[in-house]
Structures are given as C-alpha cells and as structure tokens.
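The values are calculated or read from the model by the stated rules, or taken from the named source; none is laboratory data. As the structure is a prediction and not an experimental result, all values here were calculated from the model. Cβ sites come from the backbone with ideal geometry, for glycine too, and all protein chains shown count toward neighbours. The accessibility values were calculated without ligands, DNA or RNA, using every heavy atom of the protein model including side chains. Shrake-Rupley method; radii C 1.70, N 1.55, O 1.52, S 1.80 Å.
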Amino acid sequence: MEIKYQLLLSLLLVLGTSQATEQEPDVSDVYQKPKFCRELDCPVYRLVKQYDKFEHRAYEATRWVRTPLESDFFGLGMVTSFRRLYKYITGSNAEEMKINMTVPVVIYVPLNQPPAGNSTMSFFVPHEVQDPPKPTDPKVYLSNSPAKSFYVRSFGNYALDSTYAMEAKVLAEELQALGLEFIDSFYLRSGYNDPFTLFDRHNEVWFVAK
C-alpha cells in the first residue's frame, strides 16, 4: 500500500508537474541549489543571462533514465511511462538498487516530425549515484546528456498538457522577437512539485539554445 501511495504522489508530480536586463550571473564558488528543487536533487546549472520573462541557463552534463511516452487523450500513456521509471528507481534494476526521487520529471515533446523523434519521459539520475544500474525493463534505458544551454521559461500553479504547450509557444515567440537562435523542433517540459504543494509551485519549459 505504501508503494502504491508513493507512486500516486510521484505520478501527480508529472501532471502538476522581452528585453534583457543586465543582471550578472552569480559567480559564487559555492553552488546554491535552486529553491524550487526543495529537498530533492536536481541538475546543476549556471545562469548565463536573466531576461525579463525567461532565463538562459548553462547546464552541466547530466545522466537520465528514460522511457518512451505514448500520448493519448486520457493520459494512460503517461501513467504507463511513469510506472516504468518508478519501478526502476525502487529496485527493478540489475542491482536491485533503490534510488532517491529527483526533480525535474522531464517530458520531451517533439513539435516537428521527423527529425524530432518520439516523446519520452525522463527522471534525473542523482549525483550520488555514480554508476547507475542497468534497467531490466527493455523499454527503460540510461542516457547521458552533455553540457548544454537552454532558454527556460518558468511559471506556477498546476500545469496540464495545454498549459505547457501554451507556455512553450510564448517562449518561442519571445526568443524569435529578440533574434535568439534555438532548436525549434522540440521542447522539454519540466515538473517539480508533488500534488499537495499548493503554493510556490514551479514548472518550466525549455528550448535548446544554439
């Protein structure tokens, strides 16, 4: 019963889940984890530039565990994909290792096919896991992402598919208006909160910066 309850909470995490200013990035030697990650581990990034309505971030290399995501009207594909990843971090892997939940839960959303590929769901592999175990489910796989820059738009409240799509459209239009180059064939949607976080909820959409 406890595992089912934790799965429900984590699944709902996914579902809930201009002109630039001259602000200089924080150059402190000690990395400050963003407040919106709360107590969970999350990818490390450096703020390149703060704009009025979005940020340019440079992320360090990251590791992810991914699975295909089939979209459907009722959201059953999302449930299935989340269950695969959740089983992986709760011990259904080659070493039966239990891995802490992290944020964000990221969904890759292709806009133009081909060559954007198919949708996927990903969990960030925490920094403490230096050698992540191999998945036992053939539909789950590990993936390394090199250091990369993103344009990121943040927004609050509970977010559904339509919310993320609208925010991604707004971000794309802002980038185009400023003449900033980015890959427009897909975006990433990122959720950070469990369903019982009523205030200070944090969601993001990302475009890869060229």
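A few remarks follow.
Table: residues versus (1) small (Gly, Ala, Ser); (2) at pLDDT below 90.
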{"site": "3", "(1), (2)": "no, yes"}
{"site": "17", "(1), (2)": "no, yes"}
{"site": "30", "(1), (2)": "no, yes"}
{"site": "50", "(1), (2)": "no, no"}
{"site": "58", "(1), (2)": "yes, no"}
{"site": "67", "(1), (2)": "no, no"}
{"site": "77", "(1), (2)": "yes, yes"}
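- Figure legend. Inter-residue proximity from segment 77-90: first residues among the aliphatic types (A, V, I, L, M), second residues part of a helix (DSSP H, G or I) and open to solvent by 20 Å² or more (accessible area, probe 1.4 Å), beta-carbon distance below 7 Å, spacing 6+ or different chains. Indicated pairs: 79/11.
- Residues within segment 161-210 that are assigned to a helix (DSSP H, G or I) and modelled with pLDDT of 95 or more, tallied: 15
- Tally of residues being out of contact with any Lys or Arg (no Cβ under 9 Å at 6 or more places or on another chain) and buried (at least 17 other Cβ atoms within 10 Å of the Cβ) across segment 127-137: 1
- Which numbered condition residue 116 misses (of (1) within 21 Å of residue 183 (Cβ to Cβ); (2) open to solvent by less than 20 Å² (accessible area, probe 1.4 Å); (3) at pLDDT 95 or above): (3)
- Total residues in segment 89-105, condition in a strand (DSSP E or B) and open to solvent by 70 Å² or more (accessible area, probe 1.4 Å): 1
- All positions within segment 154-170 that are within 13 Å of the chain's Cα centre (by Cα) and open to solvent by 40 Å² or more (accessible area, probe 1.4 Å): 154
- Positions within segment 44-88 being over 29 Å from residue 162 (Cβ atoms) and assigned to a loop (DSSP other than H, G, I, E, B), in sequence order: 44, 60, 61
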